[in-house]
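One structure, pasted below without further comment.
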């Protein structure tokens with residue numbers, strides 16, 4: 001059996017990711033708290049409740065586990081509704097809690113990456129029209145100014161907006177996220193205002209902290225034609241790729257927004273990204289289908305030979321990670337994998353998924369692409385939005401009733417990867433022997 005290893009660049013960040021509403025608990029003043037109170041919005045009408053009780057102080061023990069198992073970074077988000085509970089009121093005590101977390105990370109040798117908008121909005125903002133309101137980018141910029149001023153001594157990596165493509169699609173096209181609308185025109189307006197909000201935030205960050213790096217975390221979905229020789233499959237594929245993967249980040253590079261059905265000029269957005277945040281989970285096959293007008297006439301489904309997660313939500317297609325890395329590399333900026341993971345309560349697919357996807361990241365780093373870090377989703381099981389508690393993405397499991405953490409086998413694997421700054425043949429043989437011959441062929 002051959003012995004070999006795949007090592008990552010020196011200084012590579014190894015971390016995990018969390019988001020405020022999903023882990024803090026006790027969030028009652030944001031759009032998701034209201035959404036959860038409406039019957040039928042969340043699977044089984046579940047609620048975040050205490051979540052992982054981070055607001056009650058359990059952030060410390062979870063981050064201690066991350067530190068003690070080799071992680072040198074963590075991506076977290078700030079809950080806007082806590083810091084600014086009303087349009088004319090700021091809660092400095094709430095902001096001080098985030099400062100405490102960031103300081104703890106730095107004091108413990110961990111690099112914080114802070115996300116300023118991760119799907120949740122204050123209720124006062126929602127009642128003003130949320131991101132449909134053209135005044136919201138200015139409101140967001142004021143919040144960002146407050147947050148950055150408080151945290152800049154400890155944080156220099158900022159994600160302005162998490163997955164704006166998912167936020168707009170799920171809230172204004174599919175109706176799965178609040179406000180639950182299905183209106184392409186409003187969705188376009190939301191995207192425009194998110195871009196304006198990002199651009200305003202970017203300038204605030206660099207005004208207060210010239211050496212900071214700021215970017216957007218985009219959910220990249222790999223699309224492949226169901227029938228490679230059928231040109232009709234490529235038509236909806238190209239439209240979906242433009243709308244979901246390219247539109248937002250292209251605009252941050254050029255100031256031109258192409259939503260296929262509508263175009264906008266946003267010159268203030270040009271050159272407002274210092275890195276590309278890549279969130280990758282899975283790949284879709286696309287087949288031309290006249291019955292799918294809301295999907296640009298493209299029916300999507302998973303590859304038939306891909307291993308599926310327990311609820312069928314994610315297919316293990318590591319080649320799609322390569323597609324995402326290639327897409328990110330095209331912007332000629334540093335790249336952080338800001339999310340990647342699989343829901344897997346039994347922890348049987350996760351070791352293989354983790355190794356195979358990280359192998360793709362290593363390939364990109366080996367080409368001297370600007371790979372700077374990897375954040376696994378997620379550190380601990382958390383509230384998965386409209387899917388509630390039905391999916392378990394954590395390296396650590398969570399008993400929601402008792403708040404007990406359960407160490408999964410993938411904790412041990414990820415610890416070895418972090419400490420090695422790489423993947424060895426011994427790790428693969430131990431944790432995912434089924435992929436050993438493919439990663440380390442004997443001939």
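How many residues are surrounded by 24 or more Cβ atoms within 10 Å (Cβ to Cβ) and either free of Cβ contacts under 8 Å to residues at least 40 places away in the same chain or over 21 Å from residue 267 (Cβ atoms) (or both) if we restrict to the stretch 199-217?
Looking only at that region, the number is 1.
Just name the residue that is farthest from residue 439 (Cα to Cα) out of those in the stretch 309-328 that are out of contact with any helix residue (DSSP H, G or I) (no Cβ under 7 Å at 6 or more places or on another chain) and in a helix (DSSP H, G or I).
328
Suppose we keep only residues that are out of contact with any strand residue (DSSP E or B) (no Cβ under 7 Å at 6 or more places or on another chain) and not in a loop (DSSP other than H, G, I, E, B) within the stretch 287-308. Which one would you say is modelled with the lowest pLDDT?
294
Which of (1) within 22 Å of residue 115 (Cβ to Cβ); (2) outside any loop (DSSP other than H, G, I, E, B); (3) without any contact (Cβ under 8 Å) to a residue 40 or more places away in the chain does residue 253 not meet, given it meets every other one?
For residue 253, the failing item is (3).
Continuing with this model, one more query. Look through 125, 105, 63 and report the one residue that is farther than 30 Å from residue 12 by Cβ and touching a residue at least 24 places away in the same chain (Cβ under 8 Å).
125
Could you check how many residues of the stretch 68-81 are more than 21 Å from the chain's Cα centre (by Cα) and in a helix (DSSP H, G or I)?
Counting residues in the stretch 68-81 that are more than 21 Å from the chain's Cα centre (by Cα) and in a helix (DSSP H, G or I) gives 1.
Take residue 363 and decide whether it is surrounded by fewer than 20 Cβ atoms within 10 Å (Cβ to Cβ), over 23 Å from residue 42 (Cα atoms), without any contact (Cβ under 8 Å) to a residue 24 or more places away in the chain and over 21 Å from the mean Cα position of the chain (by Cα).
Judged against the criteria, residue 363 is not a match.
So, of the residues in the stretch 220-241 that are part of a loop (DSSP other than H, G, I, E, B) and out of contact with any helix residue (DSSP H, G or I) (no Cβ under 8 Å at 6 or more places or on another chain), which turns out to be farthest from residue 300 (Cα to Cα)?
Here the answer is 229.
With respect to the numbered conditions (1) outside any helix (DSSP H, G or I); (2) under 16 Å from residue 377 (Cα atoms), which one is the sole condition not fulfilled by residue 22?
It fails just one condition, (1).
So how many residues does the stretch 82-117 have that are part of a strand (DSSP E or B) and surrounded by fewer than 16 Cβ atoms within 10 Å (Cβ to Cβ)?
2
Here is a check on your reading of the model: is residue 11 in contact with a strand residue (DSSP E or B) (Cβ under 9 Å, 6 or more places away or on another chain), surrounded by fewer than 23 Cβ atoms within 10 Å (Cβ to Cβ) and in a loop (DSSP other than H, G, I, E, B)?
In short, yes.
Collect the residues in the stretch 71-97 that are under 22 Å from residue 382 (Cβ atoms) and in contact with a strand residue (DSSP E or B) (Cβ under 8 Å, 6 or more places away or on another chain), keeping them in residue-number order.
71, 72, 73, 74, 75, 76, 77, 78, 79, 80, 81
Which one is nearest to residue 399 (Cα to Cα), of the residues in the stretch 25-40 that are without any contact (Cβ under 8 Å) to a residue 40 or more places away in the chain and part of a loop (DSSP other than H, G, I, E, B)?
25
Being without any contact (Cβ under 8 Å) to a residue 60 or more places away in the chain, within 18 Å of residue 340 (Cβ to Cβ), under 23 Å from the mean Cα position of the chain (by Cα) and buried (at least 16 other Cβ atoms within 10 Å of the Cβ) is true for just one of 422, 394. Which residue is that?
Result of the check over 422, 394: 394.
If you don't mind, there's one more thing I want to ask. Considering the stretch 333-349 alone, what residues qualify as being in contact with a strand residue (DSSP E or B) (Cβ under 6 Å, 6 or more places away or on another chain) and assigned to a loop (DSSP other than H, G, I, E, B)?
Listed by number, the residues that qualify are 333, 334, 340, 341.
Which of the helices (runs of 4 or more DSSP H) found entirely inside the stretch 118-184 contain at least 3 residues meeting this: under 19 Å from the mean Cα position of the chain (by Cα) and surrounded by 20 or more Cβ atoms within 10 Å (Cβ to Cβ)?
164-172
Would you list the strands (runs of 3 or more DSSP E) that sit entirely within the stretch 350-434 and hold 3 or more residues that are closer than 27 Å to residue 60 by Cα?
Of the strands (runs of 3 or more DSSP E) lying wholly inside the stretch 350-434, those with at least 3 residues that are closer than 27 Å to residue 60 by Cα span 371-377, 396-398, 405-407.
Every residue in the stretch 256-286 that is part of a helix (DSSP H, G or I) and surrounded by 17 or more Cβ atoms within 10 Å (Cβ to Cβ), please.
Scanning the stretch 256-286 gives a single hit, 269.
The values are calculated or read from the model by the stated rules, or taken from the named source; none is laboratory data. Note that the structure is predicted; figures quoted are calculated from it, not measured. Every residue, glycine as well, gets a Cβ built from its backbone with ideal geometry; the counts of neighbours run over all protein chains shown.
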